[in-house]
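Let me begin by presenting the structure, written as structure tokens, before commenting on it.
The values are calculated or read from the model by the stated rules, or taken from the named source; none is laboratory data. Given the structure is predicted, the values throughout are model-derived calculations rather than measurements. Here Cβ is always computed from backbone atoms with ideal geometry, including for glycine, and neighbour counts include all displayed protein chains. These accessible areas exclude ligands, DNA and RNA; they are computed on the full protein's heavy atoms, side chains included. Shrake-Rupley method; radii C 1.70, N 1.55, O 1.52, S 1.80 Å.
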Amino acid sequence: MFDFLLGNDALSAIIAFILVLIPAVLIHELGHFLVAKSVGITILEFGIGMPPRLAKLFTIGGTDYTINWLPLGGFVRPLGEDMVRQMGDEATAEDRAEAERRGVHKVKAVNEASPLARIFFFAGGAIANFILAFALFTIIALIGLPQDVGGIVSIGYVAPDSVLAQAGVQSQDVIATINGEDFADTADFLSRWNANAGESATLGILRGGDQTPIDLTVVPSTISTEIETHPIALDVAANSPAAAAGVQINDLILSIDGTVLTSYLELQQITAQYLDQEVSLTLWRDGEQIDTLLTPRSNPPSGEGAMGIGIADASLSPALGISFQDGVRRELQPQPLGASMQYSVNRISYVLNTIASIPGQIIHGTADPESLRVTSPLGISQAGGIFLQESIQRNQPGIILEFMALISVALGLTNLLPIPALDGGRILFVLIELVRGRPIAPEREGMVHLVGLALLLSLMVVVLLNDIANPLTNLLR
């Protein structure tokens, strides 16, 4: 239905902005609005979008409900406040007169509420964001969480004259079931294969990323269940020793200097003994053995390794005529409401704990620089576009819902930081008032928030330019 989005990064980013950021900000402002109503603070306007105003929809309870030109979520305008700070006495008096003209009998400005009521009001947006995240994580679990349901056999190469090839199995296919049943692992699959010797059997094949199996019919014969395990090259860096030696992606490395290899760990250990020395490699590629020479380097570029290959373990089944990798097949299993709510609590706790651990990681130098990257609404939209495309491609709405929930948590937590112009900054001033027994002069507090706002906007410009020059899509793809 939404295939037109796949591959269209710009359109996906726009739709992700509409789905992710606008609701998160609107819910945030709705939280402020509802809390204000609950503690008696007069709200003159609740706007969808940001000014300039497009139209006033209606007025209820002394509050104008408006729609505005800039699609950036929304805002609330309490009596005596602009979007950042308290207004002067004259402007507050004008707001008070306006509220009374609208029929509001109990008029109350933010600074007239009790300290605890003001803290509740300033925190209301973050509370709403956390509630939204809780609801989204719960919905994700109700839709289904990934559960291991069996093993898979991911085919790398299939011999043209093999039984599997004759049945229609292709390279890169994934065998997921046999006779409609899951199998635990490769050994279990081979056991079931032999159990069906001489009879027709149906293999469930996943092909091209499609999660709906294709049924192929084979007639198994009794085979040896012995398999060989060797390292496989998953990636070959340009200008590396492996590239110079002719190693290709999906090559199996059978031996190094005559030593048969059964795992990538063995390859790493033996390679470390031959740094800057020429060694012989025996490769397996498309059913043929290839010998080559290679010199592992002692000072490789960062992230490449001595040979310049990314490796894992793979297997050969001479009897079936295939190379393959073991794996686990997961399916989405809907959870009951209680378990879904617990999952939501656990996910929010995990996110908050992860964020709380960042300062310690910075101090100890273990933080990943990319994970600390500050991003703008543009960057969030770029990332959201990728998750939206993946969600559509895999037909799993939970992917984009997860991103929406994470952004809602991040928005709520960010606004609680004790930074001037943010909700947390406003709360900080209330706490100072409680400690010193009297409020700080509104003019001084307002100046602090205006300076904070200017700094935040300047930072946002820098971050926006960085997101334009270095799109997050380059990191996520």
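The table below gives the values:
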item: Qualifying residues in the stretch 384-426 (those that are in contact (Cβ under 8 Å) with a residue 60 or more places away in the chain and polar (S, T, N, Q)) - the one least open to solvent (accessible area, probe 1.4 Å); result: Ser408
item: Residue pairs meeting the criteria (Cβ under 6 Å; at least 6 apart or on separate chains; first within 21 Å of His32 (Cα to Cα), in the stretch 101-112; second open to solvent by less than 40 Å² (accessible area, probe 1.4 Å) and of a type in the set (A, V, I, L, M)); result: Val107/Ala99; Lys108/Ile41; Ala109/Leu79; Val110/Ile41
item: Residues satisfying the stated conditions in the stretch 348-383, i.e. charged (D, E, K, R) and open to solvent by less than 50 Å² (accessible area, probe 1.4 Å); result: none
item: Unmet criterion (only one of (1) open to solvent by 90 Å² or more (accessible area, probe 1.4 Å); (2) in contact (Cβ under 8 Å) with a residue 40 or more places away in the chain; (3) more than 40 Å from the chain's Cα centre (by Cα)) for Pro442; result: (1)
item: Members of the stretch 7-24 that are open to solvent by 60 Å² or more (accessible area, probe 1.4 Å) and at pLDDT 85 or above; result: Ile14, Ile18, Leu19
item: The listed residue being in a helix (DSSP H, G or I) and either modelled with pLDDT under 90 or out of contact with any strand residue (DSSP E or B) (no Cβ under 7 Å at 6 or more places or on another chain) (or both), out of Ala383, Ala421; result: Ala383
item: Test: residue in the stretch 452-471 that is over 30 Å from Ala13 (Cα atoms), part of a loop (DSSP other than H, G, I, E, B) and either open to solvent by 50 Å² or more (accessible area, probe 1.4 Å) or in contact with an Asp or Glu (Cβ under 7 Å, 6 or more places away or on another chain) (or both); result: no
item: Filter result (in contact with a strand residue (DSSP E or B) (Cβ under 9 Å, 6 or more places away or on another chain) and open to solvent by 50 Å² or more (accessible area, probe 1.4 Å)) within the stretch 43-69; result: Ile48, Pro51, Pro52, Arg53, Leu54, Lys56, Leu57, Phe58, Thr59, Gly61, Ile67, Trp69
item: The stretch 70-85, residues that are surrounded by fewer than 20 Cβ atoms within 10 Å (Cβ to Cβ), part of a loop (DSSP other than H, G, I, E, B) and in contact with a strand residue (DSSP E or B) (Cβ under 9 Å, 6 or more places away or on another chain); result: Met83
item: Cβ-Cβ under 6 Å pairs, at least 6 apart or on other chains, the stretch 239-263 side within 13 Å of Asp313 (Cα to Cα), far side open to solvent by 20 Å² or more (accessible area, probe 1.4 Å) and of a type in the set (Gly, Ala, Ser); result: Asn250/Gly156
